[in-house]
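Only one structure is covered here, and it is reproduced in the block below.
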Amino acid sequence: MATEDAKYQSGDPPQATSVEPDVIISSDTRRQNRIPPGQSRTRKWPVLDATGTPTVPEDWKLEVFGLVDRKLSFTLDEFRRLPRAKVFADFHCVTRWSRLGNLWEGVSTRYFFAAAAVRSEAKFVLLHAYDNGWSTNLPLKDFLAPDALISDRHDGEPLSADHGGPVRAIVPLLYAWKSAKWLKAIEFTAEDKLGFWERGGYHSHGDPWVVDETHVDGERFQIPSQVPPGFNDGPEW
């Protein structure tokens, strides 16, 4: 797996107490134990995706559509002029690594919800990517979490292509595959429409902290005892 040396974390993971007052603090970073069940901390930032890093068109646009009164479309310059927000959050990949203490910057998901005048019958969101039609689904309430962003910067730098640049979603309280890389469109829907990994057997919701009679270490797979084809825990991160 490729990594970026500049993103290597030495020492203890960053703490919420170290960030500026205007930064939104994701609730998971305040846990006494920030590593969900079945996960281990990585000091790197591994690169994982379904089909490799795509070529995003130079005329990138973000579309907002579905159950809205106002369809929206933003060029990259227009996106960068929208109201900005910063979020300090942990990042948990379903392949069992967690990168702690990320500083994301972008536009709150709540901005797009308000600007598009989303209709009351919308209960879910389907995120579409430039990655060969890749998509992922999530409940509207998770998309609108206080720490959810549409992000173009990470740890003070523009997002690289390998990590989803120019723009990706960030939904820190769910597994990282729900934070769609290379974001292309936000679709508001009344019904839950499974995305790429979900159709292959990954969990429709994806909460890494759920532990109950069915899930021993988070909502990884639709049927916990059935590992989807192609899943790989990977090396020691």
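The values are calculated or read from the model by the stated rules, or taken from the named source; none is laboratory data. Everything numeric in this text was worked out from a predicted model, so none of it was measured. When we count neighbours, we look across all protein chains shown, and the Cβ atoms used for this are built from the backbone with ideal geometry, even at glycine.
So V210 clears everything in (1) more than 21 Å from G66 (Cα to Cα); (2) buried (at least 19 other Cβ atoms within 10 Å of the Cβ); (3) of a type in the set (A, V, I, L, M) except one condition, right? Which one? All conditions are met except number (2).
Here is the figure for segment 123-139: residues that are farther than 16 Å from F74 by Cβ and crowded, with 18+ Cβ neighbours inside 10 Å total 9.
Failed condition for W45, given (1) under 17 Å from the mean Cα position of the chain (by Cα); (2) modelled with pLDDT of 95 or more, with all others met? Against the list (1) under 17 Å from the mean Cα position of the chain (by Cα); (2) modelled with pLDDT of 95 or more, W45 comes up short only on (2). Residues in segment 164-197 that are touching a Gly at 6+ places or on another chain (Cβ under 6 Å) and part of a strand (DSSP E or B): E187, F188, T189. Condition check for E63 on (1) touching a residue at least 12 places away in the same chain (Cβ under 8 Å); (2) acidic (D, E); (3) farther than 26 Å from S204 by Cβ: one failure, at (3). Suppose the filter is free of Cβ contacts under 8 Å to residues at least 60 places away in the same chain, touching a His at 6+ places or on another chain (Cβ under 8 Å) and surrounded by fewer than 21 Cβ atoms within 10 Å (Cβ to Cβ); does Q226 pass it? Answer is no for this residue. For segment 164-184, taking the residues that are over 16 Å from H128 (Cα atoms) and in contact with a Ser or Thr (Cβ under 9 Å, 6 or more places away or on another chain), the one that is surrounded by the fewest Cβ atoms within 10 Å (Cβ to Cβ) is identified as L173. The number of residues in segment 136-163 that are touching a Leu at 6+ places or on another chain (Cβ under 7 Å) and part of a helix (DSSP H, G or I) comes to 1.
Taking K141 as the residue in question, decide whether it is basic (K, R) and in contact (Cβ under 8 Å) with a residue 40 or more places away in the chain. Answer is no for this residue. Out of all the residues in segment 189-202, is one or more hydrophobic (A, V, I, L, M, F, W, C) and within 17 Å of A89 (Cβ to Cβ)? No, because not a single residue in segment 189-202 is hydrophobic (A, V, I, L, M, F, W, C) and within 17 Å of A89 (Cβ to Cβ). Within segment 70-96, the residues that satisfy the criterion of being under 21 Å from I25 (Cα atoms) and hydrophobic (A, V, I, L, M, F, W, C) are L82, A85, V87, F88, A89, F91, C93. Residues in segment 122-135 that are assigned to a strand (DSSP E or B) and of a type in the set (S, T, N, Q): S135 alone.
Residue count for segment 208-217 under the criterion of being under 16 Å from T95 (Cβ atoms) and at pLDDT 95 or above: the result is 1.
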